[in-house]
Amino acid sequence: MKQKIDQELETYLATETESILNETDSYRASMKPKYDQEYQERVSNLVDRFNGAKSEWYSKPYERITLPRWQVIMQWSRRHVLCFLNI
């Protein structure tokens, strides 16, 4: 009788353990990010736009440093005249 109970308990525990492991595996699989081609394209497009904007941003101070003084003054005055005239 004791052997039969032990055998039933062992079978039950093995079944429940396998069930829990399968449930855990399916949960982990559902938590993994799902990548598709459209997502990858959007991410690469965003990265390209960011890198372009960053390079533009970094080039502006360099232009100001390297431009002759009179060109900087002309750019500044042209911008203010255009703003004043609402063009």
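Any read-out appearing in this document is the output of simple, stated calculations on the displayed coordinates, not a laboratory observation. Because the structure is predicted, anything quoted here is derived from the model rather than measured. Backbone-built Cβ (ideal geometry, glycine too); neighbour counts: all protein chains shown.
Some notes on this structure:
- Converting phi to 3J(HN,Hα) with the Karplus coefficients 6.51, -1.76 and 1.60 and the offset θ = phi - 60°, the range 41-55 yields 5, 5, 5, 5, 5, 5, 5, 4, 5, 5, 5, x, 5, 5, 5 Hz in sequence order, with x at every glycine or proline.
- Here the simple spin-label model places points 7 Å from the Cα toward Cβ, and for Glu10 and Arg49 these points are separated by 6.3 nm.
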